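For reference, the structure is listed below as structure tokens.
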Amino acid sequence: MKRKLLITGGAGFIGSHVVRLFVNKYPDYQIVNLDALTYAGNLENLTDINEKANYTFEKGDITDETFIDELFQKYHFDGVIHLAAESHVDRSILDPLAFIRTNVMGTAVLLNSARKHWKGNENGKLFYHVSTDEVYGSLGEEGFFTEETSYDPRSPYSASKASSDHFVMAYYHTYHLPAIISNCSNNYGSHHFPEKLIPLAIHNIKNNKPVPVYGKGENVRDWLFVEDHARAIDVIFHNGRLGETYNIGGFNEWKNIDLIQLLCRIMDKKLGRPEGTSAQLITFVKDRAGHDLRYAIDATKLNKELGWEPSLQFEEGLEKTVDWYLSNEEWLQHVTSGAYQQYYQEQYQKR
Ligand code: NAD
Ligand code: TYD
């Protein structure tokens, strides 16, 4: 079936992988990528598909009601995959209101336009919201987040994502807006902005700069290769059940310090440095405020219902990621010039 899809946040890390997958896999679909091009949005992420006939870029802000309404009028979307968001926990601690504006208001504006535009004609439509496992809060040493776990967000970022999830379900129940949510664990891979742990560490190791590890490095995250996340979104978008939530995870838990040690070994190998060189850069710094101890996802529902599973082992995915950063020097240079330096100073100077 020919479809008209709005993908928001397609110039960001995960969004660019989702746009690439859909544009290449579904030549019959008309894909519109809407992105405000904040510090995290970068059209260089999409140079390989920019010229494709089934792809259009629209620059705009999801909080702009008039603009979003006009976009629905212009393209008559029958599907939305919503990824646009402020996505970094540390920035949400510095400026929580920006997160409420984009993640809560922006999602509500999109939901409202979809509701108005699809009213009485909901059949075959879908509003798919891409969310995070962080809405579930923090785990102790044991247990996993399932789709039944109660929401317990603890950072301004996760609170804003939890709130946006609630609005999606409120529109599903109140207005019968066809909607699905997925909640995914930490992603890693190419085109990841170097404010997040893995790309930041790669960038610093390469430049012989200290690698900041918060607290004692004992916090645990579940890591998933970004292309596996994009594949999961494809499967859920096409075959997921309306009104459902799907957890997506890598069955791949790592303590931050163990992950960084592994990354240091890979970097030593790739850069031809004697083993142990990069690990000397590890620097323990002041912990993040309200730092969630552990995230772990039980993705059994997605596996059982829709047959999805991660495709890569972590070491393999991490090597691929390092290779990409080492051979895309120019990309890294562009995103780390200007405003990045100012953020880095503010974030790490006093730690
Ligand atoms: P990102 O920060 O790399 O990209 C976000 C994109 O949204 C950028 O291109 C930015 O320009 C755009 N954007 C921001 N505000 C906007 C606005 N007001 N209007 C229009 N566009 C705007 O984020 P990401 O890591 O790719 O995450 C994408 C989505 O996936 C987010 O919703 C995030 O909550 C979710 N998620 C991320 C992870 C992860 O590990 N990164 C894990 C699970 C879920
Ligand atoms: P991050 O990549 O910011 O993702 P999230 O906070 O959404 O999980 O951080 C991953 C983990 O790494 C988290 O426990 C915080 C930690 N961390 C550091 O130790 N040092 C850093 O410089 C950063 C950015 C994160």
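Computed values, structure above
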item: Alpha-carbon centroids, the range 1-51 and the range 262-280: separation in whole Å; result: 35 Å
item: Length gained when the stretch Asp28-Glu346 is fully extended (0.36 nm per residue, less Cα-Cα span); result: 109.9 nm
item: Size of electric dipole in the chain: Cβ of Lys, Arg +1 and of Asp, Glu -1, about Cα centre, debye, nearest 20; result: 340 debye
item: Antiparallel DSSP beta bridges within the chain, percent to nearest 5; result: 10 percent
item: Helix-only [θ]222 nm of the chain, DSSP H runs n ≥ 4, -39500 (n - 2.57) each, per residue, nearest 500; result: -12500 deg cm²/dmol
item: Alpha-carbon Rg with Dmax, taken over the range 172-258, Å; result: 16.9, 54
item: Largest-first principal axis extents of the Cα set of the chain (Å); result: 64, 45, 38
item: Shape category assigned to the range 91-158 from the gyration tensor of Cα positions, a/c cut at 1.5; result: oblate
item: Net lengthening on full extension, Ser311/Lys52 (0.36 nm per residue, minus Cα-Cα); result: 90.5 nm
item: DSSP-loop trypsin sites (Lys or Arg not before Pro) across the range 95-202, with at most 13 other Cβ within 10 angstrom; result: Lys119
item: Rel. contact order, % - alpha carbon contacts under 8 angstrom, at least six apart, the range 180-269; result: 44 percent
item: Sparse-neighbour loop sites [GluC sites (Glu not before Pro); the range 2-98; at most 11 other C-beta within 10 Å; DSSP]; result: Glu51
item: Cut-off under 5 Å, modelled amide H: who pairs with Tyr214 long-range; result: Val285
item: Euclidean distance between Cα centres, the range 168-224 to the range 302-318, Å; result: 17 Å
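Since every read-out is calculated from the coordinates, none of them should be taken as a lab result. This structure is a prediction, so every number in the text was calculated from the model and none was measured. Cβ: placed from backbone, ideal geometry, glycine included. Neighbour counts: every protein chain shown.
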